[in-house]
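Read through the structure below, which is laid out as structure tokens, and then see the notes.
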Amino acid sequence: PLGSATHLTPRPTWLRAPMAASAFEVLLSNATEIDFAVAQSRFSELIWVCGLDNSGRLVLALNAAKLPETNDEAEAALRFAALCAAPVVQSRFCVLYLQRDDAPVSIAWIKRVRTEFDAVLPNCDAIFVVGASIRTRATLLVLRLRVPDIWSKLSFCDSFTALWQWLPSASTLLPPSFALQALDDRIAELGTPAAAAAAALRPRLFGGSLEDIMADFVLGGTKAPRCIESALSFLRRPIALHTTGIYRESADATIIRKLKQVLAAGDDVLFANFRDVHLAAGIVKAFFRELAEPLISLAVAERLLPLVSGEPMVLLRELTLWIGGHALNALVLLLRHLALVATQSAENLMSAENLGTVFGPTLVSGRDSAFDLSHAASSSALVRVLIANAHLFDEHELVV
């Protein structure tokens with residue numbers, strides 16, 4: 001069953017010890033008797049369900065980087081991929097042939113893909129070769145003209161950026177390595193003069209004013225920019241909530257920088273593509289930390305600190321008196337989320353106290369130059385109490 005999995009096997013696993021060729025041939029002798037757990041161990045992450053394209057077709061991705069080097073094993077792997085896809089393909093679909101830049105695309109391999117998939121799944125509308133070289137693209141064009149009955153289904157995209165013209169990237173699942181390649185493709189496009197000029201006209205998503213950000217990066221009815229809503233949605237999944245050190249562990253700084261650039265351009269990102277909880281958490285922390293004005297100013301914090309050890313409702317009511325509008329909505333959205341994270345502290349080791357230590361300086365100081373180490377402990381204590389009592393915002397309808 002697929003469930004919310006990102007590829008066509010019950011649980012993701014890495015490639016383990018090779019299986020004897022004879023054993024694999026027996027495995028494929030009858031599609032109804034395949035031990036998919038064993039087959040998966042041989043060809044993990046080979047075939048993926050990406051979602052639906054703009055015309056409603058199911059999109060499958062074939063990770064060609066996972067194909068074996070020998071011809072016999074590669075053909076068996078392609079047959080396995082097609083058989084894996086069969087249970088979820090109900091009507092028309094297309095295949096993305098994903099190839100890394102450092103491995104040239106072979107016309108012979110592409111033909112094998114078409115043959116194996118047509119044998120099992122005749123409803124395949126198209127096979128898109130992503131990242132094909134100029135030579136491969138020229139060859140495909142000639143073959144489509146001269147032998148249309150064999151090659152008419154084949155097309156190509158020179159980059160993932162071109163792919164998004166017909167495949168909605170915000171809902172497209174890719175193997176992790178290709179998600180990073182797609183990110184690099186978009187970064188290259190954003191480096192053009194036209195993209196730079198367009199970016200100059202937008203409010204700064206990271207480091208800008210919350211009022212300006214909310215006017216440009218928000219969908220109707222949401223409490224935060226689309227990218228933050230998307231990141232928080234991903235971080236509410238069980239796999240994220242159970243991740244040890246969520247919000248405490250750091251993500252890859254280079255990928256965070258690239259994601260910030262893409263998000264600042266107004267792009268949507270599917271955080272599930274990167275299979276890294278800390279990337280989504282890093283984006284959330286960066287957004288709130290880099291706001292031009294912190295959600296809780298030092299002046300407001302000083303008014304609230306004497307109330308930290310008292311009745312929680314008094315503290316929360318005072319908070320809503322001094323913070324309002326977009327700032328209050330964004331703050332309560334985050335506090336509710338952090339309270340949910342804290343409920344899983346037995347597994348993720350992030351209690352309200354630990355989360356307060358992480359987010360205290362972020363929410364109270366932001367980039368305030370007046371903030372110093374003397375404020376760190378008090379801001380952490382304030383945020384800890386707010387997280388521990390976030391449920392009271394709903395129970396007493398303190399925020400609409």
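The values are calculated or read from the model by the stated rules, or taken from the named source; none is laboratory data. None of these values were measured; they are calculated from a predicted model. Counting neighbours? That spans all protein chains shown, and the Cβs are built from the backbone with ideal geometry, glycine included. We work out accessible area using only protein heavy atoms, side chains counted, and drop any ligands, DNA or RNA first. Shrake-Rupley method; radii C 1.70, N 1.55, O 1.52, S 1.80 Å.
Summary of computed values
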| quantity | calculated |
| --- | --- |
| Among (1) at pLDDT 75 or above; (2) within 17 Å of residue 163 (Cα to Cα), the one test that residue 46 misses | (2) |
| Among the candidates 222, 161, 243, 172, residue that is at pLDDT 90 or above and surrounded by 14 or more Cβ atoms within 10 Å (Cβ to Cβ) | 243 |
| Criterion violated by residue 203 - all others in (1) more than 15 Å from the chain's Cα centre (by Cα); (2) part of a helix (DSSP H, G or I) satisfied | (2) |
| Count of the range 117-158 residues which are open to solvent by less than 30 Å² (accessible area, probe 1.4 Å) and in a helix (DSSP H, G or I) | 4 |
| Residue in the range 264-287 that is farthest from residue 45 (Cα to Cα), counting only those that are touching a Pro at 6+ places or on another chain (Cβ under 8 Å) and assigned to a helix (DSSP H, G or I) | 287 |
| Members of the range 229-259 found to be touching an Asp or Glu at 6+ places or on another chain (Cβ under 9 Å), over 23 Å from residue 353 (Cα atoms) and outside any loop (DSSP other than H, G, I, E, B), listed by number | 230, 255, 258 |
| Residues within the range 94-113 that are of a type in the set (Ser, Thr, Tyr) and either in contact with a His (Cβ under 6 Å, 6 or more places away or on another chain) or at pLDDT below 75 (or both), tallied | 1 |
| Pairs where the first residue, in the range 291-315, is closer than 28 Å to residue 225 by Cβ and touching a residue at least 24 places away in the same chain (Cβ under 8 Å) and the second is β-branched (Val, Ile, Thr) and in a loop (DSSP other than H, G, I, E, B), C-beta under 8 Å, 6+ apart | 295/323; 296/323; 304/296; 315/308 |
| Sole exception among (1) β-branched (Val, Ile, Thr); (2) modelled with pLDDT of 90 or more; (3) outside any helix (DSSP H, G or I) for residue 187, by number | (3) |
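Here is a yes/no grid of residues against (1) in contact with a Phe, Trp or Tyr (Cβ under 8 Å, 6 or more places away or on another chain); (2) more than 29 Å from residue 239 (Cα to Cα); (3) modelled with pLDDT under 95; (4) not charged (D, E, K, R):
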residue: 325; (1), (2), (3), (4): no, yes, yes, yes
residue: 336; (1), (2), (3), (4): yes, no, no, no
residue: 393; (1), (2), (3), (4): no, no, yes, yes
residue: 400; (1), (2), (3), (4): no, yes, yes, yes
